[in-house]
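**Student:** My questions will all concern the structure given below.
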């Protein structure tokens, strides 16, 4: 009698919770739950999980969709994260003395924004037209962020530099501004290693 080799495997595939949201002319699949930690640690966790780090544009679409659908428990989760901590956005901002902010995107695109853009408290309309905010999120993303800002009772806040004495590199994030205003905070100022934030990784099947 011929002996056959029987493959002895035990494979388990557990499903991920996917949040699909519209983005530009396509869609993006975010994976829930969010990763938590400092900026560098969260990025490393995403890469180790085989996920893609979200850009500011993609983050704007996620946050906007969440705030438009707050009857959904996952959307409420995103709002709560923004209330408690930062939402990390994966790009680099190089501030150049007496010149401006060079916003470097993960896809190698660069946007230069001269100093003179408004920082601090401003209206949602000013936010949507702020060159620094548009540089970060793109035109459509800036409009989405401004609409999110309108959901708060107080005005939004842009956390950045008017100028710098030496070239410095910083990251960016979103949160509810917990200072005296309590509105939406668009942060491009930078973070200490101890700062805690969250981010949702993107499934590599959708990279739009």
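The values are calculated or read from the model by the stated rules, or taken from the named source; none is laboratory data. Every value quoted in this text rests on a predicted model; they were computed, and no experiment measured them. With ideal geometry, Cβ positions are generated from the backbone for all residues, glycine too; neighbour counts draw on all protein chains shown.
**Student:** Could you check how many residues of segment 118-176 are under 28 Å from residue 43 (Cα atoms), free of Cβ contacts under 8 Å to residues at least 40 places away in the same chain and more than 19 Å from the chain's Cα centre (by Cα)?
**Tutor:** Here the count works out to 1.
**Student:** Quick one: residue 105 ticks every box in (1) within 16 Å of residue 171 (Cα to Cα); (2) buried (at least 21 other Cβ atoms within 10 Å of the Cβ); (3) in contact (Cβ under 8 Å) with a residue 24 or more places away in the chain bar one, so which box is it?
**Tutor:** The one condition residue 105 does not meet is (2).
**Student:** Do we have any residue at all in segment 154-162 that's closer than 30 Å to residue 49 by Cα, part of a loop (DSSP other than H, G, I, E, B) and at pLDDT 90 or above?
**Tutor:** no
**Student:** Select, from 160, 124, 128, the only residue that is under 19 Å from residue 39 (Cβ atoms) and surrounded by 14 or more Cβ atoms within 10 Å (Cβ to Cβ).
**Tutor:** Going through 160, 124, 128 in turn, just one is under 19 Å from residue 39 (Cβ atoms) and surrounded by 14 or more Cβ atoms within 10 Å (Cβ to Cβ): 160.
**Student:** Please list, ordered by first then second residue, the pairs with beta carbon atoms under 9 Å, 6 or more apart or interchain, first in segment 183-208 and on the phi > 0 side of the Ramachandran plot and modelled with pLDDT under 85, second part of a strand (DSSP E or B) and surrounded by fewer than 22 Cβ atoms within 10 Å (Cβ to Cβ).
**Tutor:** 190/168; 190/169; 190/170; 190/171
**Student:** Shifting gears a bit: Residue 97 - would you say it is surrounded by fewer than 14 Cβ atoms within 10 Å (Cβ to Cβ), under 23 Å from residue 161 (Cβ atoms) and touching a helix residue (DSSP H, G or I) at 6+ places or on another chain (Cβ under 9 Å)?
**Tutor:** No, not satisfied.
**Student:** Then there is this: So residue 16 passes all but one of these: (1) under 21 Å from residue 106 (Cα atoms); (2) modelled with pLDDT under 90; (3) surrounded by 12 or more Cβ atoms within 10 Å (Cβ to Cβ). Which condition number does it fail?
**Tutor:** The number of the failed condition is (1).
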